[in-house]
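Note sheet for the following structure.
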Amino acid sequence: MVMSELKNISLAKSCNTNSDKNHFTGIPVIDLLRPWDAKNLIVKACQDYGFFKVINHGVSPWLVAELENEAIGFFNMSPSEKNKYCPPNPLGYGSNKIGPNGDIGWIEYLLLASNNFPTNSKTLSLLVKNYVEEVRKLGCEILELMADGLKIEPRSVLSRMLSDEKADTVFRLNHYPPDLDPILDSEGRGRNRIGFGEHTDPHLISIARSNTTSGFQICLADGTWVAVPPDESSFFVNVDDLLQVLTNGRFRSVKHRVVANRLKSRVSMIYFGGPPLMEKISPLDSLMEHGEESLYNEFTWFEYKSCMYKSRLSQDRLSLFLKPSQT
């Protein structure tokens, strides 16, 4: 990490925020071995929070552990070695800078797209490929349970976007170093730096897993930030922007962020499931009730993704696609 670039990093404010010592206990837990319950619990979680965690997910614990170990090995390399993987675009290795529009964080990362996973070793590349395939299948299962819970057909109306061979998949490995020297405010109190600033994910669905270090937070509907207890054996699922549009606002794209931990490193891995680039996005006909009007103008995933690359992290991109009657 380049400390001189981080002097202006935002700090986590205590106002309207629960600290990591007060983890939020209301995170919905979905047991995938109970699909008859899961379908309805998922819908409720997406409506209430835009966020939930799944257990009994079927992803190999060995694969998860091996990938984390390889990722730690990558981030432990010297800066000169890691910088060999800095391409002239958002993909590859990055440190501090998040995107092209001025956002920075207490973070370094490896960002990989679709089925192209060039990394520092064949082992890491193979692990990423296998992991992404397993989590993609998990994402399809979750989306099909959503369809069941919403009582819409066909059951694959959402999952087909991830299973399509042209699906736009992004995979991200994040490393948040410990914030050993937090910045003091005007009253002499230390504030944790923001590792990754507040945002919603633009895709259809995001599936994340981290080590046992805390720091992940979500924003509740009333604007309160709450800390999510880490759970290395489960996967956390975000409703993303496209899913909010496809459900015509029934599901909420969850705003979230990461706060640096003062004592321990945090390592996370996130699968971002997106549709093919030219997929047209608008509320699902099978979900719309008689007389219900679409809240959003139709757009392609390519158009929305292009908008994302032109915006800051915290910008409400969906508002740009609201119909005039909704603004």
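The values are calculated or read from the model by the stated rules, or taken from the named source; none is laboratory data. As the structure is a computational prediction, the values presented were derived from the model and not from experiment. Counting neighbours? That spans all protein chains shown, and the Cβs are built from the backbone with ideal geometry, glycine included. Protein only, heavy atoms only, side chains kept; ligands, DNA and RNA dropped before computing areas. Shrake-Rupley method; radii C 1.70, N 1.55, O 1.52, S 1.80 Å.
With respect to (1) modelled with pLDDT of 95 or more; (2) in a strand (DSSP E or B), the lone exception for Arg155 is condition (2). From the list Gly149, Gly105, the one residue that fits, being over 28 Å from Arg193 (Cβ atoms) and either at pLDDT 90 or above or open to solvent by 50 Å² or more (accessible area, probe 1.4 Å) (or both), is Gly149.
Test Glu279 against the criterion of being of a type outside the set (Lys, Arg), in contact with a strand residue (DSSP E or B) (Cβ under 8 Å, 6 or more places away or on another chain) and open to solvent by 20 Å² or more (accessible area, probe 1.4 Å), and give yes or no. Judged against the criteria, Glu279 is a match. Would you point out which residue out of Val170, Val157, Val228 is among the hydrophobic types (A, V, I, L, M, F, W, C) and more than 21 Å from the chain's Cα centre (by Cα)? It is Val157. Every condition in (1) touching a strand residue (DSSP E or B) at 6+ places or on another chain (Cβ under 9 Å); (2) surrounded by 19 or more Cβ atoms within 10 Å (Cβ to Cβ) is met by Leu91 except one, and the failing one is (2). Every condition in (1) buried (at least 16 other Cβ atoms within 10 Å of the Cβ); (2) closer than 26 Å to Pro90 by Cβ; (3) of a type in the set (A, V, I, L, M, F, W, C) holds for Leu295 except the one numbered (2).
If you check Gly195 against the conditions, is it open to solvent by less than 30 Å² (accessible area, probe 1.4 Å), in contact with a helix residue (DSSP H, G or I) (Cβ under 9 Å, 6 or more places away or on another chain) and either over 28 Å from Asn130 (Cβ atoms) or not in a loop (DSSP other than H, G, I, E, B) (or both)?
So Gly195 fails the test.
Of all residues in region 33-74, those that are within 21 Å of Val132 (Cβ to Cβ), of a type in the set (Gly, Ala, Ser) and either open to solvent by 60 Å² or more (accessible area, probe 1.4 Å) or part of a helix (DSSP H, G or I) (or both) total 4.
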